[in-house]
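Written below as structure tokens is the structure these notes are about.
The values are calculated or read from the model by the stated rules, or taken from the named source; none is laboratory data. Predicted, not measured: the structure shown is a model, and the values here were computed from it. Heads up, the Cβs are rebuilt from the backbone with ideal geometry, glycines too, and the neighbour counts pull from every protein chain shown. Side chains are part of the model used for accessible areas, which takes the heavy atoms of the whole protein and leaves out ligands, DNA and RNA. Shrake-Rupley method; radii C 1.70, N 1.55, O 1.52, S 1.80 Å.
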Amino acid sequence: MARDMMLTPDEYMALMRLLTSERESEGTSLADRDQTPTPPVRKRSRSARASDKKLSKAFKEANARYRKKDGSLRSGRTQADIATLAHKLRKKM
């Protein structure tokens, strides 16, 4: 092709359809080619699951203490304060 030659949108779409159909006829589709293999899922230990459950409860408690009824943070409190309190509460559990 010459460098000064331009394709119309219809010609471009026709060319893309042709390329796509050739790929699919070879046995591969775009979806198959784009997917990367996923690593196997590791089973979490019982203690890790228990720790997660405790931390979840602790975060609920910390949020209840440091937030107003409308959901906004109390004056002078930050997300970091909530996380710190949640970790302290989890240690006590």
Looking at Leu30, is it modelled with pLDDT under 70 and open to solvent by less than 80 Å² (accessible area, probe 1.4 Å)? yes
Thr36 meets each of (1) over 30 Å from Thr20 (Cα atoms); (2) open to solvent by 100 Å² or more (accessible area, probe 1.4 Å); (3) not aliphatic (A, V, I, L, M) with one exception, condition (1)
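Go through the range 53-76 and give me each residue that's in contact with a strand residue (DSSP E or B) (Cβ under 7 Å, 6 or more places away or on another chain) and either aliphatic (A, V, I, L, M) or in contact (Cβ under 8 Å) with a residue 40 or more places away in the chain (or both).
Across the range 53-76, the qualifying residue is only Leu73.
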Applying the selection to the range 57-73, what residues are surrounded by fewer than 11 Cβ atoms within 10 Å (Cβ to Cβ) and either assigned to a loop (DSSP other than H, G, I, E, B) or of a type in the set (S, T, N, Q) (or both)? Lys68, Lys69, Asp70, Gly71, Ser72
